[in-house]
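**Student:** One structure is given below, represented as structure tokens, and several questions about it will come after.
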Amino acid sequence: MTSVSAIQGDLTVLEVDAIVNAANRRLAGGGGVDGAIHRAGGPSILRECQAWVADNGQLPTGEAMITGGGDLPAQHVIHTVGPIWGEHGENEARRLLARCYYNSLELAAKARSRTVAFPNISTGVYAYPKRDAAEAAVETVTNWANDRPVLDQIVFVCFDSENFLIYQELLGLSA
């Protein structure tokens, strides 16, 4: 059975098999969690991303790809592009966000990862409402884990206390 939990902290220091990056379509690094992962992981992650884009073009919203972990404690980084709030209708945005989590988990399983850590995809500069994003994330991840109990642990790593409290509530972990 897969454990699903939430913590508040820094995704880049976790000793897990795979971390998920809230990437941009160009896989070029950037701000927020994307920039933090590229800074902490070193240049090899960017080189792998650039090679992928050269071969495949930009990563579509909702899709995911995987690289090595570079200098991170994680063995792999799974890059996914979340929806920018306001670019899609509400239902389409939720579907795309759910695809980010689903496709990331599929890649983690394919890579034989046992532990995976997610950021709060699209809730930073992409402005997706935090509660709505958390509901889509928790629903998608718990359904996936129930259908495919191949991972030991999935953790949502919240940068801020607002997201952390939302995830605690939705996961039934509130004090």
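**Student:** Going by what's in this entry, would residue 142 be described as in contact (Cβ under 8 Å) with a residue 12 or more places away in the chain and out of contact with any Ser or Thr (no Cβ under 8 Å at 6 or more places or on another chain)?
**Tutor:** Yes, satisfied.
**Student:** Select from the range 124-159 the residues that are closer than 16 Å to residue 34 by Cβ and either modelled with pLDDT under 95 or of a type in the set (Phe, Trp, Tyr) (or both) and list them in ascending order.
**Tutor:** 124, 125, 126, 127, 128, 159, listed by residue number.
**Student:** Are any residues in the range 100-116 of a type outside the set (Val, Ile, Thr), crowded, with 24+ Cβ neighbours inside 10 Å and out of contact with any His (no Cβ under 8 Å at 6 or more places or on another chain), and if so, which ones?
**Tutor:** Result: 100, 101, 104, 105.
**Student:** Looking only at strands (runs of 3 or more DSSP E) that fall completely inside the range 1-112, which ones have 2 or more residues that are under 19 Å from residue 125 (Cα atoms) and either modelled with pLDDT of 95 or more or of a type in the set (Val, Ile, Thr) (or both)?
**Tutor:** 18-23, 76-81
**Student:** Of everything in the range 117-137, what is surrounded by fewer than 20 Cβ atoms within 10 Å (Cβ to Cβ) and part of a helix (DSSP H, G or I)? Give them in sequence order.
**Tutor:** 130, 131, 132, 135
The values are calculated or read from the model by the stated rules, or taken from the named source; none is laboratory data. Since we're looking at a predicted model, the values are computed, not measured. Cβ coordinates were reconstructed from backbone atoms using ideal geometry, including for glycine residues, and neighbour counts include every protein chain displayed.
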